[in-house]
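A.B. asks: First, the structure itself, so that you have it in front of you.
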Amino acid sequence: MQILSKLPNVGTTIFTTMSVLAQEHGAINLGQGFPDFMMSEELIDLVNDSMKAGNNQYVHMNGLPALREELSKKCLKLYNNNIDVNNEITITPGGTYAIYTALTTVLNKGDEVIVFEPAYDSYIPNIEINGAIPVLISLQYPSYRIPWDEVRAKITANTKMIMINSPHNPTGMVLDEEDINQLKQIVAEHDLFILSDEVYEHLIFDDKKHLSMLNYPELFERSFVCFSFGKTYHCTGWKLGYCIAPKPLMQEFRKVHQFNCFSCNSPVQFALATYLKNENAYLSLGKQLQQKRDYFRTLMQQTPFKLIPSHGSYFECYSYEGFSEQNDFDLAVELTKNYGIATIPVSSFYKNKEDNKVLRFCFAKKEETLYKAFERLKKIKF
């Protein structure tokens, strides 16, 4: 028996590849996006208390009502959007799952989806497995801004959706008001859905504001907006997130969701329903991570790498064009094997492996981890 692969061109993700290589060579892993510092002890205690209290059985398919209630309050405070607790929020096993489910909800064979590269690696396979076609547009290097004229040129009668990610992974780019104005015009003119990946909503720096689709009624009415508790509270292994969408869109989302994940982790939902009342726990995240980013920047100034500024997320990109002619994958492998530092080659975020000689570093680490990485990076000689 043979399987006719739905993803014939897909292999192991670059994150797995580099993490395995890091383990083999005892390298410091600045590749995959996870913290090496402890998450909130208060939140850990709340989960333990929840389990001991017996909150270990299924909760509602759409998510614990108390958790959805707190998320609705948060959306009203932050984005001035009065989200319907019962009909517009669904708790999911992670942000990536929410993205996949939203795409599966909307897409049919032959539909086209605008995707900006470099792109988080799940986007394109999620589109293709639904029989749809990713229409790829490169962000403008090195600023990584959206080329809106090119977006207009690539829209066809088959275009169904546009995918937005801000703060952006892997570059840390964030949308500004001009981007929002351009997006409003395009989606209205062509009647497009929006999938907005906002998992780094609170990890935003330099006094910039996160411009969520929830802020704008004319955008929200056609949007699936996806979030992650794991990225917000530094517990990526919990794999818990949520999707917010208008009632008609969410009704269809839940039809898909109910047969893939009837219910998500119960004790964690009870704990989060309580922990969300502590607004400072998420409002202070930007400053905390900016301190780590700035510390890493200071160290990297003493290496051959050239900064490409990040304004959000766990990541910052650096160019090595000035000191090596290697392609970025080969350099990433060499750094892991010979210098003990694992990174992610940014070409891996392009389907055609576009190589601008850029590596992505995760700075969501303890200061001692970042300093140890610097000690190794400063020894690079080419």
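The values are calculated or read from the model by the stated rules, or taken from the named source; none is laboratory data. What you see is a predicted model, and the numbers here were worked out from it, not measured in a lab. Using ideal geometry, Cβ is built from the backbone for each residue, glycine included, and neighbour counts are taken over all protein chains shown.
A.B. asks: Quick one: in the range 324-347, of everything that is free of Cβ contacts under 8 Å to residues at least 12 places away in the same chain and acidic (Asp, Glu), which residue is farthest from residue 31 (Cα to Cα)?
C.D. replies: Among those residues, the one meeting the criterion is 325.
A.B. asks: Follow-up. Any idea how many residues of the range 205-226 are touching a residue at least 40 places away in the same chain (Cβ under 8 Å) and in a strand (DSSP E or B)?
C.D. replies: Count: 2.
A.B. asks: Looking only at the range 57-104, count how many residues are touching a residue at least 60 places away in the same chain (Cβ under 8 Å) and over 15 Å from residue 242 (Cα atoms).
C.D. replies: Number satisfying all stated conditions: 8.
A.B. asks: When the residues of the range 294-331 are filtered to those that are small (Gly, Ala, Ser) and more than 24 Å from residue 167 (Cα to Cα), which remaining residue is surrounded by the fewest Cβ atoms within 10 Å (Cβ to Cβ)?
C.D. replies: Step by step, filter the range 294-331, then rank; the result is 322.
A.B. asks: Looking at 218, 189, 279, 201, can you tell me which residue is closer than 22 Å to residue 147 by Cβ and either modelled with pLDDT of 95 or more or not assigned by TED's automatic domain parsing to the domain that holds residue 116 (or both)?
C.D. replies: That would be 189, the only listed residue that is closer than 22 Å to residue 147 by Cβ and either modelled with pLDDT of 95 or more or not assigned by TED's automatic domain parsing to the domain that holds residue 116 (or both).
A.B. asks: Next question. Which residues, counting only those in the range 266-300, are over 17 Å from residue 46 (Cα atoms) and touching a Leu at 6+ places or on another chain (Cβ under 8 Å)?
C.D. replies: 285, 286, 289, 292, 295, 296, 297, 299, 300
A.B. asks: Output the residue which, of all residues in the range 14-30 that are assigned to a loop (DSSP other than H, G, I, E, B) and surrounded by 15 or more Cβ atoms within 10 Å (Cβ to Cβ), is nearest to the chain's Cα centre (by Cα).
C.D. replies: 30
A.B. asks: Identify the single condition in (1) out of contact with any Ser or Thr (no Cβ under 6 Å at 6 or more places or on another chain); (2) touching a residue at least 60 places away in the same chain (Cβ under 8 Å); (3) closer than 16 Å to residue 87 by Cβ that residue 239 does not satisfy, given that it satisfies every other one.
C.D. replies: If we test residue 239 against (1) out of contact with any Ser or Thr (no Cβ under 6 Å at 6 or more places or on another chain); (2) touching a residue at least 60 places away in the same chain (Cβ under 8 Å); (3) closer than 16 Å to residue 87 by Cβ, just (3) comes out false.
A.B. asks: For the range 31-149, which helices (runs of 4 or more DSSP H) that fit wholly inside it have 2 or more residues that are of a type in the set (Val, Ile, Thr) and surrounded by 17 or more Cβ atoms within 10 Å (Cβ to Cβ)?
C.D. replies: Hits in the range 31-149: 95-106, 123-128.
Yes or no, residue by residue, for (1) buried (at least 16 other Cβ atoms within 10 Å of the Cβ); (2) on the phi < 0 side of the Ramachandran plot; (3) part of a strand (DSSP E or B):
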| residue | (1), (2), (3) |
| --- | --- |
| 153 | no, yes, no |
| 170 | yes, yes, no |
| 179 | yes, yes, no |
| 189 | no, yes, no |
| 234 | yes, no, no |
| 243 | yes, yes, yes |
| 256 | yes, yes, no |
| 260 | no, yes, no |
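A.B. asks: Return only the number of the condition from (1) in a loop (DSSP other than H, G, I, E, B); (2) within 20 Å of the chain's Cα centre (by Cα) that residue 157 does not satisfy.
C.D. replies: (2)
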